[in-house]
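Below is one structure, written out as structure tokens; the observations come after it.
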Amino acid sequence: MASSTAVPVGFHYETKYVVLNYLGLLSQEKPQEQPSLSTQDPSTFSQAVEKEILEKVKAEIEEELKHLDEEILEAFTTTGFDCHTSPVFSPANPETSIEDCLAHLGEKVFQELKEPIEKALEILLSKSVNYQEYKERTQEAASHASGWSKVLVPLVILQRFLVELSKRGQEPLGALVNFGVTYLEDYVADYIIQQGGWELYTSHNPNDTLLKNLFQKKKKEKKQARRTPRTTTTTTPANFNPGLQIFYARVLADTLS
């Protein structure tokens, strides 16, 4: 399946990279220590099976990312696109990744649009897997969003769709990646490109409600942190993300400019 919209080749590669990496963030939870199968209750056994399924999907995604790297390398003489000069593939800060920021924002979008997103998933899971159905259900859910939220809705739906189908024993990764890339290129590419591309750290809309809300939350956390008495020991919070800190700082800079 190919997009009906012509986009720059670099944008196409970056979009596929973002989709694959976003799908790869299937579970942020640390696996719990499991007892032997003979002593597990059904729910615990189900968790073990689910963990195994998600690990298999992640391995498949890693393979797809390798294939994407090979495809880009082979086409370099024709396209001139180099991963090493792309801020998406090679961010300036090694600990910064656009997919991590999107995952953070995606969770916020899911909480804000939980009802339409879950409705879309319910319908998708009741029918055969096809792009037309995915497109229509995603458009319905995205109609409740604006700005970068519209970009995140298809990714949020796609990730949850992948998990549910994988639990049913299906292997939909290849098809769903194509669904995601095609939808993003056909329906939100113009917006993304107008904002400066996938490089959210320096290219975003300071008037975007989602980004402003997230920044305000971060600003509040910083104020609370200042009230905490200093100690002689410096520790790093477990949830500290330098990439997101840079992102929020630049949102503030653009907002004040």
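Using alpha carbon centroids, what distance separates region 149-185 and region 66-115, in Å?
So the two Cα centres are separated by 16 Å.
For the pairs K108/K150; K51/K108; K56/K127; K51/K127; K51/K167, note any where the Cα-Cα span goes beyond 19 Å. Before the final figure, lay out the partial values.
On the way: K108/K150 12 Å; K51/K108 24 Å; K56/K127 24 Å; K51/K127 25 Å; K51/K167 10 Å.
Going by Cα-Cα distance, K51/K108; K56/K127; K51/K127 fall outside the 19 Å limit.
Sort the following peptides by mean Cβ neighbour count (other Cβ atoms within 10 Å, averaged over residues), highest first: 113-125, 166-178, 140-152.
Values: 113-125: 16.5, 166-178: 14.8, 140-152: 19.2.
So the peptides 113-125, 166-178, 140-152, ranked by packing, come out 140-152, 113-125, 166-178.
All of the numbers you see were taken from the coordinates with simple rules; none came from a lab. Just so it is clear, the model here is predicted, and its values are computed rather than measured. A quick note on method: Cβ atoms are made from the backbone with ideal geometry, for glycine too, and the neighbour counts reach across all protein chains shown.
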